[in-house]
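These notes concern the structure reproduced below.
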Amino acid sequence: TKKPCVPILAVPTTAGTGSEVTQYSVLTNPVANTKMSIAHDAIFPTLAYCDARYMMNLSEKATIHTVIDAMSHAIEGYVSVQSNAVSDAWAEESLRLLGQYIGELRGPLSLEARESLLYASTLAGIVIAQTGTTLVHAMGYCLTYFKGIDHGAANGFIFADYLERISISEPAKVDLVLELLGLEDIADFRGLMDYLLPEKPGLTPEECERFAAITMKTKAIHNTIFQVTAAQIADMYGNI
């Protein structure tokens, strides 16, 4: 007999995960050697209380990494095979808000800035609740599981290469993403990620191959608009 879920009241303490508005729970799976998600409507919070004052003392590192995660949600949802007109509108507004502050994440942030970043994160959470995530998240999970890299940072290391590949089939969308973020081109985007994430992990060829094989087993790659191969993934890992 199914029993009703205990109501979930969500209070985000970072502007990143969007968990306050999604049906996902992400767990570490030592059998699969990666992070994996479960999805069910019962996981949707009944109430989300979003107050940026809880984030005023958030560290610079946590701020940067979680904002990059929010950006990942917005962009991945925007170019997902599951995207639609409504999710695109939310993604564009999220990216517009992120673009106001993403280059200014080093140093103290005002309450106004943190409110905008939090709203952007919540909107991006609504996006992936509709579209799911794509290859970036699938690849990032291995970096977190095996290398101990924060989730948002792991995504950020991969993202410039991902945009280059996406731009082949979705040039108009990638151009708008860059415009909303206040960037000129993908090289500018890569420079932003290098500025926010100056310490790269560096992977051995063996790690690249191993992580690629694990990534190929994930569901998220099926939301990616280009045909994903293990060789492509290994190459992207190698470019970090």
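The values are calculated or read from the model by the stated rules, or taken from the named source; none is laboratory data. None of the values given here were measured: they were computed from a predicted structure. Here Cβ is always computed from backbone atoms with ideal geometry, including for glycine, and neighbour counts include all displayed protein chains. Quick note on the areas: whole protein, heavy atoms, side chains included, nothing else; ligands and nucleic acids left out. Shrake-Rupley method; radii C 1.70, N 1.55, O 1.52, S 1.80 Å.
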**OP:** Run down Tyr195, Tyr237, Tyr141, Tyr162 and say which single residue is aromatic (Phe, Trp, Tyr) and touching a Ser or Thr at 6+ places or on another chain (Cβ under 6 Å).
**Re:** Tyr141
**OP:** Among the residues of the range 40-65, write down those that are under 17 Å from the mean Cα position of the chain (by Cα) and under 22 Å from Thr218 (Cβ atoms).
**Re:** His65
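Look at Ala187 and say whether it is assigned to a helix (DSSP H, G or I), open to solvent by 30 Å² or more (accessible area, probe 1.4 Å) and closer than 26 Å to Gly16 by Cβ. Steps first, please.
Details: assigned to a helix (DSSP H, G or I): yes; open to solvent by 30 Å² or more (accessible area, probe 1.4 Å): yes; closer than 26 Å to Gly16 by Cβ: yes.
So Ala187 passes the test.
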**OP:** Output the residues belonging to the range 61-90 that are under 23 Å from Asp150 (Cα atoms) and of a type in the set (A, V, I, L, M).
**Re:** Ala62, Ile64, Val67, Ile68, Ala70, Met71, Ala74, Ile75
Original post:
Among (1) open to solvent by 40 Å² or more (accessible area, probe 1.4 Å); (2) within 26 Å of Glu209 (Cβ to Cβ), where does Leu176 come up short?
Top reply: (2)
Subject >> Output for the range 1-25, where each listed residue is surrounded by 17 or more Cβ atoms within 10 Å (Cβ to Cβ) and closer than 18 Å to Thr218 by Cα >> reply: Tyr24
**OP:** Kindly list, by first and then second residue, each pair from a residue in the range 24-45 that is farther than 18 Å from Ala138 by Cβ and in contact (Cβ under 8 Å) with a residue 12 or more places away in the chain to a residue that is β-branched (Val, Ile, Thr) and buried (at least 17 other Cβ atoms within 10 Å of the Cβ), limited to pairs with Cβ atoms under 9 Å and residues at least 6 apart or on different chains.
**Re:** Ile43/Thr22; Phe44/Val21; Phe44/Thr22; Pro45/Val21; Pro45/Thr22
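For the range 222-233, give me each residue that is crowded, with 20+ Cβ neighbours inside 10 Å and of a type in the set (A, V, I, L, M, F, W, C). Reasoning before the result, please.
Just the residues of the range 222-233 that are crowded, with 20+ Cβ neighbours inside 10 Å, to begin with: 223-224, 228, 233.
Across the range 222-233, the qualifying residues are Val228, Ile233.
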**OP:** Scan the range 61-88 for residues that are part of a loop (DSSP other than H, G, I, E, B) and either open to solvent by less than 30 Å² (accessible area, probe 1.4 Å) or not polar (S, T, N, Q) (or both) and report the count.
**Re:** 3
Subject >> Residue, least open to solvent (accessible area, probe 1.4 Å), within the range 32-60, restricted to residues that are part of a strand (DSSP E or B) and more than 23 Å from Tyr145 (Cα to Cα) >> reply: Ala48
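Take the range 194-219 and flag every residue that is open to solvent by less than 20 Å² (accessible area, probe 1.4 Å), in contact (Cβ under 8 Å) with a residue 40 or more places away in the chain, of a type in the set (A, V, I, L, M, F, W, C) and not in a loop (DSSP other than H, G, I, E, B).
We begin by selecting, within the range 194-219, every residue open to solvent by less than 20 Å² (accessible area, probe 1.4 Å); these are 196-197, 208, 211-212, 215.
Next, from what is left, pick out any that are in contact (Cβ under 8 Å) with a residue 40 or more places away in the chain: 196-197, 211, 215.
Restricting the remaining residues to those that are of a type in the set (A, V, I, L, M, F, W, C) gives 196-197, 211.
Residues satisfying the conditions are Leu196, Phe211.
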